[in-house]
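Working notes, structure below.
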Amino acid sequence: MPQYTIHVNGQPKTVEADSDTPLLWVLRDNLSLAGTKYGCGIAQCGACTIHVDGNAMRSCSLPISKVGDQKITTIEGLSENGDHPLQKAWATHDVPQCGYCQSGQIMTAAALLSKNKRPSDDEIIETMHGNICRCASYTKIKEAIKAASKL
Amino acid sequence: MTKNNPYTNSRRDFLKWGMASGAGLVVGFNFIGCQSDTAPVEIMKAMPSVWNEFDAYIKIGDTGLVSIFSQNPEIGQNIKTSMPMIVAEELDVAWRDVIVEQAPLNTDWYERQVAGGSQSIRQGWTTLRQAGAKVRHILLKTAAQKWGINIEDCKVKDGVISNPTGEQLSYGEIAAEASQQTLPEEVELKDPKEFKIIGQSKKNVDLNGIVTGQPLFGYDIKKEGMVHACVMRPPAFGMELVAFDDTAAKTINGVIETVKFGDKVAVIAENTWAAMKGKKALTAEWKQVEKAEDSAYHSEQLMLHLSKKADEPRRVDGDVDIAFAEADEVIERIYEAPFLPHNCMEPMNFYANVTEDKVELEGPIQTPAWQQDRVSKILDREKSDINVKMTRMGGGFGRRLYGDFGDEAAEISSLINKPVKLLFTREDDMTAGTYRPASAYRFKVGIKDGEISAYHLTEAFYNGMMFGQMPSNFPCGAITNYRVDCHNIKSNITTGAWRAPYANFLAFAEQAFLDELSGILDKDPVEFRLELLDKAKSDPVGEKYNYDADKFASVIKLAAEKSGWYNRGNKHLGFCAYYSHNTYVAEVAEVELSEGEPIIKKIYCAVDCGIVINPKAALNQIEGGIIDGIGHAMYGDFSFAKGQPQSDNYNKYRLIRMMEAPEIETHFVESYNDPTGLGEPTLPPAGGAIANALFSATGKRFYKQPFVKEMSLLG
């Protein structure tokens, strides 16, 4: 099996995986970073969202062979102490129901806020369109993003 | 609910087992008390060196930290927070000094470890209160004995007991001694007006784990020596396996072996990706041995049955046939819904380790006791050999009432003699479902002198019929001639409960029909419902009906008031009210036309669920239920061709997304009544509310779900 050295949450990690293995499974199985979730495997639900050089991307559709030197950030690396403004806002607004999709929601929202500190309602809705929440916690997700954008 | 005396050896053994196997809960987590609304990680009391066990729910540490077991499975309904809040309230401790642990299955110690029917809070209420109050009682008794005073002269606040002279003893200081006392059978409970924790919003106890990506779910399980399995199942219902070829699968890096069980083949692999790829590489020959059903056939059968009366009606008041013959006008409408998959965000999965000594099962299951029962039969093992641990679940919605995935994991582990994690892909999840059955309802009403003289409801349903007292739901009791017939049509498609079974579609059908009827009778839709309720109350027809007319009227009036129903002017509002799962809900939808297209802007919701335990969490359930109801009524479309599901992933199955979710304004009926559940009851009225508002905006009535198929207007 080929070896790859990738940059995850600020650290180089060497992993063995088939070249077509989606980064999602490398993160979860090889690196035990289970915060990035599997939902659909075809980039339709957003549960597996991570940051690749600061951009929100679906790790289920990014093969390990295409990662290269790009900097990967997962929910585990979003903040040192779980205190990113979005994580705090998620707590204040008690957003999660089942919670499964929430790391993907937070990662999508974090990429938005890093580029656009005061997004409008429409910008939030458009950005979050790719993230499904089957529990439909959408009203709370929206409130929490708006609150975090003011922190 | 506890069943036995807590001071038996089995309790101690159970706790030891629970702690050993669930140690990660206390030590591995960021160790956090349950304080609400603050940044993560704030330790209020230190980790105890000694835990003192009181009953199946409570342990108190020497530092005063309290651990409360949550007995029921957590599927996102937030009972892992709300149930311990009830215990903590009666125990009289500060919520910040509480940690919560998920209890494993223990049928000796807990009753009804089930997530289903919106019943956890309602059925757990008294037992949970008693559990807290009994322990409080013996703590106070111990302090009183030490001081040589009466228990009535002790006061307690936040886990600190004081006597009239101002001396204090904390729960932590006397826990060891108190835990040796015998628990009373029953003690007096607090006056609900004195509640300090119940009624306050407390943050989800797993929140920090969720937002930092901790491994809380079944899909996240990782254990020593564990292999991964993906399973090839028959591609269509009614098929069996003739032969399979695993040559290509076995060439894939990481694939260890394949194993056939029944009509299924499992690919065992070192990692998830290899298991998924291996499964795709399998080829097989299948034989259709039962009818290959398709959606046209399903629909045809539903319509055929709707035209017939059942051999035994479910309820009869008066005689609808005579009334129809004498009516001035007879109105008849038919409503139809498709099969639906549950689509939990976390696909089905389970961990199993079958060894000679024991069977370890762990994963997301709404019915752990049933899981244990079935695996005991499948593997021919004693139930006492089988441990079931519950993980947090990435959604349930009824799908995880059925542990077919747990059965598969156990079977595979016993065949390969290894610990295994069975994983469904999204495609497996959508095509190997236990679907919400397709159904249809026919409403036939006779009108005489401007009033309803007869009401005949006929149900046609696959693999079931409305349960319990549902035939006596509203408007039963208000109509002189009333009849309900139900037809159960057999299908080989696996079906089961889906959030708010029966009500999830019947509510729309009934409430859309009543809306249309109010127009025909030239009555205001709200006034029309209130008139019927008034009649049911003042002059009830027949045997007891299945609702409280006053409570129902209260939520209807509250929703009408808060939505400005009577001053709606040109606003397009739609009204709907439904009673299900012991909770009363009324919803008003507001639709706006934007360049000719109807947009669902807002839902006003009124709820009577008794006393509200955890307000923010309650709102989450209410809002989630409403948006889920809107989503499936609007977009939920699923069909079969030759027994094969026609959608297998989110590119072919539309779920509601943020941009389609309206604003929601909720109002609770203030109440000190015992609480009822909220996981389901706000979903059923959502479809009716939006259908009636869409009619107001567009003049179009909807008779079939999903509405989007009948709307050229909305895409």
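Entry remark, the stretch B:327-354: residues being closer than 30 Å to B:Arg657 by Cβ, acidic (Asp, Glu) and surrounded by fewer than 24 Cβ atoms within 10 Å (Cβ to Cβ) number 1 in total. Residues in the stretch A:80-100 that are touching a Pro at 6+ places or on another chain (Cβ under 9 Å) and either open to solvent by 40 Å² or more (accessible area, probe 1.4 Å) or in a loop (DSSP other than H, G, I, E, B) (or both): A:Asn81, A:Gly82, A:Asp83, A:Lys88.
Inside the stretch A:1-57, residues that are free of Cβ contacts under 8 Å to residues at least 24 places away in the same chain, under 17 Å from A:Thr73 (Cβ atoms) and open to solvent by less than 60 Å² (accessible area, probe 1.4 Å) make up a count of 4.
Condition first: over 19 Å from B:Ala512 (Cα atoms), in contact with a helix residue (DSSP H, G or I) (Cβ under 7 Å, 6 or more places away or on another chain) and open to solvent by less than 70 Å² (accessible area, probe 1.4 Å). Now tell me which residues in the stretch B:529-560 satisfy that. Result: B:Ala536, B:Tyr545, B:Asn546, B:Ala549.
So if I check each of A:Ile141, A:Ile125, A:Ile106, which one is free of Cβ contacts under 8 Å to residues at least 60 places away in the same chain, within 8 Å of chain B (Cβ to nearest Cβ), over 16 Å from the mean Cα position of the chain (by Cα) and in a helix (DSSP H, G or I)?
Working: A:Ile141 fails: over 16 Å from the mean Cα position of the chain (by Cα); A:Ile106 fails: over 16 Å from the mean Cα position of the chain (by Cα).
Result: A:Ile125 is the single residue among A:Ile141, A:Ile125, A:Ile106 that is free of Cβ contacts under 8 Å to residues at least 60 places away in the same chain, within 8 Å of chain B (Cβ to nearest Cβ), over 16 Å from the mean Cα position of the chain (by Cα) and in a helix (DSSP H, G or I).
Counting the residues of the stretch A:51-105 that are under 24 Å from B:Asn614 (Cα atoms) and β-branched (Val, Ile, Thr) gives 2.
Consider B:Ser201 carefully, then state whether it is more than 14 Å from chain A (Cβ to nearest Cβ) and either open to solvent by less than 50 Å² (accessible area, probe 1.4 Å) or under 33 Å from the mean Cα position of the chain (by Cα) (or both). Here the answer is no, as B:Ser201 does not meet what is asked. Restricted to the stretch B:403-456, and to residues there that are among the polar types (S, T, N, Q) and not in a helix (DSSP H, G or I), the residue that is nearest to B:Phe505 (Cα to Cα) is B:Ser439.
Is the stretch B:688-699 home to any residue that is surrounded by 21 or more Cβ atoms within 10 Å (Cβ to Cβ) and either at the interface with chain A (Cβ under 10 Å from one of its Cβ atoms) or under 30 Å from B:Val289 (Cβ atoms) (or both)? The answer is no, given that none of the residues of the stretch B:688-699 is surrounded by 21 or more Cβ atoms within 10 Å (Cβ to Cβ) and either at the interface with chain A (Cβ under 10 Å from one of its Cβ atoms) or under 30 Å from B:Val289 (Cβ atoms) (or both).
Could you list, in sequence order, the residues of the stretch B:367-386 that are surrounded by 20 or more Cβ atoms within 10 Å (Cβ to Cβ) and touching a strand residue (DSSP E or B) at 6+ places or on another chain (Cβ under 9 Å)?
From the stretch B:367-386, those surrounded by 20 or more Cβ atoms within 10 Å (Cβ to Cβ) are B:367-368, B:371-372, B:375, B:386; that's our starting set.
Passing the criteria: B:Pro368, B:Gln371, B:Gln372, B:Val375, B:Ile386.
When A:Leu24 is tested against (1) more than 25 Å from B:Asp428 (Cβ to Cβ); (2) under 12 Å from the mean Cα position of the chain (by Cα); (3) within 9 Å of chain B (Cβ to nearest Cβ), exactly one condition is not met: (1).
Regarding B:Ala274, is this residue outside the structural domain of B:Lys444 (by TED's automatic domain parsing), touching a strand residue (DSSP E or B) at 6+ places or on another chain (Cβ under 7 Å) and either at pLDDT 95 or above or surrounded by 14 or more Cβ atoms within 10 Å (Cβ to Cβ) (or both)?
On the way: outside the structural domain of B:Lys444 (by TED's automatic domain parsing): yes; touching a strand residue (DSSP E or B) at 6+ places or on another chain (Cβ under 7 Å): yes; either at pLDDT 95 or above or surrounded by 14 or more Cβ atoms within 10 Å (Cβ to Cβ) (or both): yes.
Yes.
Pairs linking a residue in the stretch A:79-98 that is free of Cβ contacts under 8 Å to residues at least 12 places away in the same chain to a residue that is in a helix (DSSP H, G or I), with Cβ atoms under 8 Å and 6 or more positions apart or on different chains, are A:Ser79/A:Gln87; A:Gly82/B:Asn208; A:Gly82/B:Val211; A:Ala91/B:Leu207; A:Ala91/B:Asn208; A:Ala91/B:Val211.
Report yes if B:Ser179 is small (Gly, Ala, Ser), crowded, with 21+ Cβ neighbours inside 10 Å and touching a residue at least 60 places away in the same chain (Cβ under 8 Å), otherwise no. Here the answer is yes, as B:Ser179 does meet what is asked. Evaluated against (1) closer than 30 Å to B:Met303 by Cα; (2) of a type in the set (Val, Ile, Thr); (3) surrounded by 23 or more Cβ atoms within 10 Å (Cβ to Cβ); (4) within 14 Å of another protein chain (Cβ to nearest Cβ), B:Thr431 falls short on exactly one condition, (3).
One residue alone among B:Cys576, B:Cys605, B:Cys609 is closer than 24 Å to B:Leu207 by Cβ, more than 10 Å from chain A (Cβ to nearest Cβ) and of a type outside the set (D, E, K, R), and that residue is B:Cys609. Do the conditions hold for B:Gly209, that is, is it among the small types (Gly, Ala, Ser), within 14 Å of chain A (Cβ to nearest Cβ), in contact with a strand residue (DSSP E or B) (Cβ under 9 Å, 6 or more places away or on another chain) and more than 24 Å from A:Ala89 (Cβ to Cβ)? Answer is no for this residue. Return a yes/no flag: does the stretch B:589-598 have any residue that is away from every other protein chain (no Cβ under 13 Å), touching a Phe, Trp or Tyr at 6+ places or on another chain (Cβ under 8 Å), β-branched (Val, Ile, Thr) and in a strand (DSSP E or B). No; the residues of the stretch B:589-598 include none that is away from every other protein chain (no Cβ under 13 Å), touching a Phe, Trp or Tyr at 6+ places or on another chain (Cβ under 8 Å), β-branched (Val, Ile, Thr) and in a strand (DSSP E or B).
The values are calculated or read from the model by the stated rules, or taken from the named source; none is laboratory data. Computed from a predicted structure; not experimentally measured. Note that each Cβ is placed from the backbone with ideal geometry, even for glycine, and that neighbours are counted across all protein chains shown. To get the accessible areas, we keep the full protein, side chains included, count just its heavy atoms, and leave off ligands, DNA and RNA. Shrake-Rupley method; radii C 1.70, N 1.55, O 1.52, S 1.80 Å.
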